[in-house]
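The structure appears below as structure tokens.
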Number of protein chains: 2
Amino acid sequence: MNNKTLMEEDLTYIFHPCTQMKDHEKIPLIPIKKGKGAYIYDFDGNKYLDCISSWWVNLFGHSNDYINSKIKEQIEVLEHVIFAGFTHKPAIDLAKRLVHITPEPLKKIFFADNGSSAIEIALKMSFQYFKNKNESRPLFVSLENSYHGETMGALAVGDSGLYKDVYSDILLKTVQAKSPSLRDEDEALEDMKKVLKKYDGKVSAVVIEPLVQCAGSMKMYNPSYITKLRTICDNAGVFLIADEIAVGFGRTGSMFACEQAGISPDFLCLSKGITGGYMPLSCVLFTNNIYDAFYCDYNEGKSFLDSHSYTGNTLACAVANAVLDIFENDNVIEKNAEKIKLISELTKPLANLNNVKEVRQRGMICAIELQGYDAKQRIGLKFFQEALKEGIYIRPLGNVIYFMPPYIITNEEIKKMVSVVERLLLCNNLSKGVLR
Amino acid sequence: MNNKTLMEEDLTYIFHPCTQMKDHEKIPLIPIKKGKGAYIYDFDGNKYLDCISSWWVNLFGHSNDYINSKIKEQIEVLEHVIFAGFTHKPAIDLAKRLVHITPEPLKKIFFADNGSSAIEIALKMSFQYFKNKNESRPLFVSLENSYHGETMGALAVGDSGLYKDVYSDILLKTVQAKSPSLRDEDEALEDMKKVLKKYDGKVSAVVIEPLVQCAGSMKMYNPSYITKLRTICDNAGVFLIADEIAVGFGRTGSMFACEQAGISPDFLCLSKGITGGYMPLSCVLFTNNIYDAFYCDYNEGKSFLDSHSYTGNTLACAVANAVLDIFENDNVIEKNAEKIKLISELTKPLANLNNVKEVRQRGMICAIELQGYDAKQRIGLKFFQEALKEGIYIRPLGNVIYFMPPYIITNEEIKKMVSVVERLLLCNNLSKGVLR
């Protein structure tokens, strides 16, 4: 077994996510044999530093010994049980811990399997909250340049043409307000006020990805926007949904991004890092006020009856508890501060390069936006290929290179990661499209 | 720790799926301490035979030794890696095996995390197929009484008022044709022809749950409907999506329900049993013709860019491979035939009882529909409570009691399961509403 034979076998059967399969006529698909710590290893003996945490999910390294030990314990006892009418200790422990570490008014939790499903639950629950009070509010407001997932509800509140435009005839119409990541903050806030006034009484919720619009080219904005947005939503009487699927669990420097704004959303959606990159799990936290709107005699017909078969999956909850153990035992947020500082020191000077438009960073997310390249050149793909040759795995979004490493990355590995990208930025050949 | 203390702790934090939480003021929520084989055990020392496979997912028992051994092997090597640009052996093996055991024209696979997400992928892919050929076909046709999941696209193609009505203002409008589970087969086929003629050129796909509309009160219909529907879809030039999320992996007696109709759908959605009840995983299989419609130069803009972070999760794929191993090594489909026969023999006589409207069975799914009870009596809930006292866990859908046990259930356990329900059916007190 080597890379080539496995790649060929894969391409016979598999359609990969977010991939134009024809690209693999030129770009090798890489079969990964094993993962350990911050590294993944292919079948040809190459190893790569996983600088994007395997799509923003891995926190404490691949095949983490502590998490593995907890999985082994759990499967010997209970792998899964139906979560309607029944419960189990891993879910109770996880729910309690999440309620305790998220902002004060968030008191209840609903589990699901992936980020998209969590967004769907927040949308459905916010809509039904008003419906249960005899109001129909069919609109949702999100930000320009936003991304919230791929199922049809989640896709509808996104603003990425790349993922959404082709489906416009089958998606719910939603409203996008100006984004503070692209505009002046005051302009964005004024626009939000205008939108909520225009659709007064029709909007169930505003949904945002706090601080970093990750799939939206890692565009960033300040906590102050969120603080003010909270007041605007309160004044307009609409819910605020915070999509912390990518930015939660320490990614932006604090455990949750909303903390930096000193506010709480009405719904908080979590996934990705929640299992440290091991397996799918998501959840939505919300207030008791929301919970109460669904609490009534069954025959009143106001129940929230959403479900997925694996809701509250026992194994995934056990893994999530192991992840929270590591956060507590290893003082992760504090230790990350040092790494965040080092990444900042190393990447800031890159902003002076001719082909760099901006270097921006929020905690463990650092993005380098390039300039002077035509979109059709797919310069990001070239950076991916060249960095890989040096053992550095990055996955640029268009012309935005970014780092979002596992938290166990060492200072030496951070230095290597940045230096490889720096060298490529300085390499004239890249801009000339030599690397086709 | 006992049931009561854990229940109280749970109810402080958790909103359970498909549950009116107020019900738990009267009905205890049961904390499960461990699972082994066909049984789950609570914290007060009670054990229950899991007669519905923990929501139709468990196939080979809880905490299955073989599956556990495969999980332990896998986590030491690779728990997960990004599935865009990279791949891994468990996914390749699983894809190859699934393509080989599903109907011939299904050649490619796309992974996701839960059943709803699989349905969303089939809907989006079928719509975009036509869009890539410059046609917009915004309609989907499903059957009366159907259920396909909870995310907004999946919910839109369902027909269950209980789950869907409250959201009608925010769901895509779809068309429902008459169901062969509620009507004469010819009438249903004629209606489907009429619907497809009426919306000629506007329909992307017809979606069905083959043989058993599971969440639709376990209503059943014959393979001949599906065989004829295949021709109708071909003649109308629309895709046929088979939702085998609940009915796949042996549930209806054959490995996949479509086999009994001797046809292949264009899209086959799988989940639930795919991991033997261990953890979320889903996938969609489809034809090379469909695959080819998305295969082009990236800049042509015809890519199918759906993704979830954990798409192709390594651990889940390893578990699914273990499940397929068991099917092969233990000759499961053949062995189930005996159990299916026994369930049939034991339950058929129940049809003669006054309060039984119908006993119907398709493979390892057997439903007993009650009559003479008012919906507000919630008679199913009473059966649930009483059966539980005798160590039998069932979860009736309204006034339909059903069995969908794990395949490892023994003949003795089948006898116990049926006899407990039989005794309750004969108990006059139940109909008088004594068990409030």
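The values are calculated or read from the model by the stated rules, or taken from the named source; none is laboratory data. Predicted model only: the values in this text are computed from it and were never measured. Ideal geometry is used to build each Cβ from the backbone, glycine not excepted, and the neighbour counts take in all protein chains shown. Note: accessible area is taken over every heavy atom of the protein model, side chains too, but ligands, DNA and RNA are not part of it. Shrake-Rupley method; radii C 1.70, N 1.55, O 1.52, S 1.80 Å.
Structure notes:
- The residues on offer are B:Lys108, B:Lys47, B:Lys89, and the sole one that is assigned by TED's automatic domain parsing to the domain that holds B:Glu412 and of a type in the set (D, E, K, R) is B:Lys47.
- Test result for A:Lys36, open to solvent by 10 Å² or more (accessible area, probe 1.4 Å) and not in a helix (DSSP H, G or I): yes
- Residue among A:Ile340, A:Ile409, A:Ile326 that is in the same structural domain as A:Lys72 (by TED's automatic domain parsing) and either loosely packed, with under 14 Cβ neighbours inside 10 Å or over 30 Å from B:Glu300 (Cβ atoms) (or both): A:Ile326
- Leading residue by the ranking (least open to solvent (accessible area, probe 1.4 Å)) among those in the stretch A:97-144 that are charged (D, E, K, R) and within 24 Å of A:Gln260 (Cβ to Cβ): A:Lys108
- Any hit, the stretch A:264-272, residues being open to solvent by 40 Å² or more (accessible area, probe 1.4 Å) and part of a strand (DSSP E or B): no
- Where B:Phe384 falls short, out of the listed (1) in contact (Cβ under 8 Å) with a residue 12 or more places away in the chain; (2) more than 30 Å from B:Gly161 (Cβ to Cβ): (2)
- For the stretch A:1-27, residues that are outside any helix (DSSP H, G or I), buried (at least 16 other Cβ atoms within 10 Å of the Cβ) and of a type outside the set (A, V, I, L, M, F, W, C) total 4.
- Any hit, the stretch A:345-359, residues being buried (at least 17 other Cβ atoms within 10 Å of the Cβ), away from chain B (no Cβ under 14 Å) and free of Cβ contacts under 8 Å to residues at least 24 places away in the same chain: yes
- Identification of strands (runs of 3 or more DSSP E) wholly contained in the stretch A:82-173 with 3 or more residues that are at the interface with chain B (Cβ under 10 Å from one of its Cβ atoms) and out of contact with any His (no Cβ under 8 Å at 6 or more places or on another chain) yields A:106-112.
- Selection over the stretch A:200-220 of residues that are assigned to a loop (DSSP other than H, G, I, E, B), open to solvent by 10 Å² or more (accessible area, probe 1.4 Å) and not basic (Lys, Arg) gives a count of 5.
- Sole residue being open to solvent by less than 10 Å² (accessible area, probe 1.4 Å), touching a residue at least 60 places away in the same chain (Cβ under 8 Å), closer than 30 Å to A:Lys33 by Cβ and not acidic (Asp, Glu), chosen from B:Ile52, B:Ile67: B:Ile67
- Test for B:Ile394: is it open to solvent by less than 10 Å² (accessible area, probe 1.4 Å), hydrophobic (A, V, I, L, M, F, W, C) and within 14 Å of chain A (Cβ to nearest Cβ): yes
- Test: residue in the stretch B:288-309 that is more than 30 Å from A:Lys376 (Cα to Cα), of a type in the set (S, T, N, Q) and surrounded by 24 or more Cβ atoms within 10 Å (Cβ to Cβ): no
- Cβ-Cβ under 7 Å pairs, at least 6 apart or on other chains, the stretch A:150-169 side without any contact (Cβ under 8 Å) to a residue 12 or more places away in the chain, far side open to solvent by less than 10 Å² (accessible area, probe 1.4 Å): A:Lys164/A:Leu155; A:Lys164/A:Gly158; A:Val166/B:Gln128
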